[in-house]
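Working notes, structure below.
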Amino acid sequence: MVTIFLKSILDNDFYKFTMQHAVIKLFPKAKVRYKFINRGKHVFPPGFAVLLRHSVEAMTKLQLTQEEKLYLKKHCPYLDPTYLDFLQGYTFDASEVEIEQVGSDLDITIEGFWYRTILWEVPLMALISELFYASQDLKRIDDKAIQDITKNKIESYNALGVSVLEFGTRRRHSYKVHTLVNETLATFGNESFLGTSNVHLAMLNGKRPLGTHAHEWFMFHAAQYGFKVANIVGLENWTQVYGGDLGIALTDTYTTDVFFEQFDKKYSKLFDGVRHDSGDPIEFAKKTIAHYTKLGIDPKSKIIVFSDSLNLEKVKVISDFCKGKIKMSFGIGTNFTNDVGLPAMNMVVKLTETKPDFTHWEGVVKLSDEKNKNTGTPEMIELAKQVLGIKS
């Protein structure tokens, strides 16, 4: 039987920990549900759910070490000591994850208190991806080829003079490949490679972990406070917890146009920049530059973190447009961590329902800048569009 054992509780994206910290402070009684979505229509082999269950059960043995706690204390001073104590005592509870398989279809749901279940999404997807290849004995290219491919990519980014970040934990081929990629990026990245969103690998390579918040932060705020104020209250709560730290704002939970209507001068000055995660990147850059200019803010003092399915060709086009107009960096995921001679997986785990304090379960919605990335029931999506005045 194939069982994948994660090496560390920090083998996760940094924004999961920063959001967990904020949820504990602000929404300790909130409950949530997440669901696995097989976007790529992947065919899972017989018995896959059993293999995944064993790997999920193995995660319950993970615990923050003293060395890891000291690393977080040094590199992430905005995380409260009480949170670090909590994280040291935290363990995954496998009963929060339901896994079923009917034929080749995989059905996975996660349910529980938000402050606990928030850590499942990324490592669960990493397990699914690695098990998918291992359980079918699908052969990748060898380690040397992976190192050569990664070296060529980062040297090309060096030549472009752009800054890149590694964001590929959730759909990586395997932990081994992920490790090889980060070692190669760190060795040959010169000034281009800023680091990784994976906290464990950042620690191994002596880097500071990178990230801020995700769509679920604003999706929850819409359920708690309403669609009209989800962005602004989400940003306000983020600044309550972090002040001026972790200052990259995600724009496309309810479309970028709606976000910029609410991203007033206070928040536009306070946040270091914004993250692009869907839609045309050039159009997004134009809107961002126009937004800052309209408010009397020099766009060259701000940054866009691009992170939507990037590769070298896309980065070059974006860089050529943005150069001299606004600062930029590029978060590259699957193209770094699953370029191994096999088809990369296309899957997500999304927040589907929330139960804020003293209320009932309610479906949540995301209205991406790309229509096929919208999530939620048709009724809730239509309601959100009506409330926000979105015509399309």
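Taking 7 Å along the Cα-to-C-beta vector as the label spot, tell me the Asp137-Glu261 distance in nanometres, rounded to one decimal.
In this crude label model, Asp137 to Glu261 measures out at 5.8 nm.
Assuming 1.002 mPa s and 20 °C, estimate D for region 147-250 with Stokes-Einstein, Rh taken as the Kirkwood radius over Cα pairs, in µm²/s.
The Stokes-Einstein estimate is 137 µm²/s.
Per q in 0.31, 0.34 Å⁻¹, report the Debye log10 I(q)/I(0) for region 314-357, using one uniform scatterer on each alpha carbon and no solvent.
Summing over Cα pairs of region 314-357 leads to -1.12, -1.19.
Would you give the gap between the C-alpha center of region 189-220 and the C-alpha center of region 39-92, rounded to a whole Å?
Value for the Cα centre distance between the two parts: 15 Å.
Can you find, among Gly189, Leu351, Leu131, the residue sitting farthest towards the positive end of the charge dipole of the chain, where Lys and Arg contribute +1 and Asp and Glu -1 at Cβ?
Among Gly189, Leu351, Leu131, the one farthest towards the positive end of the dipole of the chain is Gly189.
Multiply the residue separation of Thr65 and Asp320 by 0.36 nm, subtract the distance between their alpha-carbon atoms, and state the gained length in nm to one decimal.
Additional length available on full extension: 87.4 nm.
Rolling a 1.4 Å sphere over the protein heavy atoms, what is the accessible area per residue of region 152-237, to the nearest Å²?
Ligands and nucleic acids excluded, the figure is 32 Å² per residue.
In debye to the nearest 20, how big a dipole does the chain give about its Cα centre with +1 on each Lys and Arg Cβ and -1 on each Asp and Glu Cβ?
780 debye
Give me the number: length gained by fully extending Leu270 to Thr187, i.e. 0.36 nm times residue separation minus the C-alpha to C-alpha distance, one decimal in nm.
Gain on extension, Leu270 to Thr187, equals 26.5 nm.
From a point 7 Å beyond the Cα of Asn158 in the direction of its Cβ, which residues of region 118-152 have a backbone N at a distance under 13 Å?
150-152
Could you give P(r) for region 242-389, binned at 10 Å from zero, as whole percent values over all Cα-Cα pairs?
Answer for region 242-389: a P(r) of 10, 34, 33, 20, 3, 0 percent.
Work out the FRET efficiency for Asp107 and Gln240 from their Cβ-Cβ distance, taking R0 = 35 Å, and round it to the nearest 0.05.
0.40
Once the Cα atoms of the chain are picked out, what are the Rg and Dmax in Å?
Cα-based Rg and Dmax for the chain come out at 20.2, 61 Å.
Just the accessible area for Lys302, please: 1.4 Å probe, Å², rounded to the nearest 10?
Approximately 20 Å² of Lys302 is accessible to the 1.4 Å probe.
Quote the charge dipole size of region 311-392 about the Cα centre in Debye, to the nearest 20; the model charges only the Cβ of Lys and Arg (+1) and of Asp and Glu (-1). All intermediate terms of the calculation are to be shown ahead of the outcome.
Details: 12 positive and 10 negative charges, 85 e Å.
I would put it at about 400 debye.
With labels modelled as points extended 7 Å from the Cα through the Cβ direction, what inter-label distance (nm, one decimal) is found for Arg208 paired with Lys176?
Calculated label separation equals 3.4 nm.
In debye, nearest 20, what is the charge dipole magnitude of region 186-267 about its Cα centre with +1 on Lys and Arg Cβ and -1 on Asp and Glu Cβ, if you could check?
Details: 5 positive and 8 negative charges, 43 e Å.
The dipole magnitude comes to about 200 debye.
How far apart, in nm, are two points set 7 Å out from the Cα along the Cα-to-Cβ line at Val43 and at Glu283?
My value for the distance between the label points is 3.6 nm.
Within region 271-392, what whole-number % of the accessible surface is contributed by carbon and sulfur, with the 1.4 Å probe and all protein chains included in the calculation?
About 55 percent, which is the carbon plus sulfur part of the accessible surface.
Ignoring solvent entirely, what values of log10 I(q)/I(0) come out of the Debye formula for region 31-107 at 0.13, 0.19, 0.23, 0.24 Å⁻¹ when each Cα is a single scatterer?
-0.60, -0.88, -1.03, -1.07
The values are calculated or read from the model by the stated rules, or taken from the named source; none is laboratory data. Here the structure is a predicted model, which is why all the values come from computation and not from measurement. So basically every Cβ, Gly included, is an ideal-geometry build from the backbone, and we count neighbours across all protein chains shown. Calculation scope for accessible area: heavy atoms of the full protein, side chains included, ligands and nucleic acids excluded. Shrake-Rupley method; radii C 1.70, N 1.55, O 1.52, S 1.80 Å.
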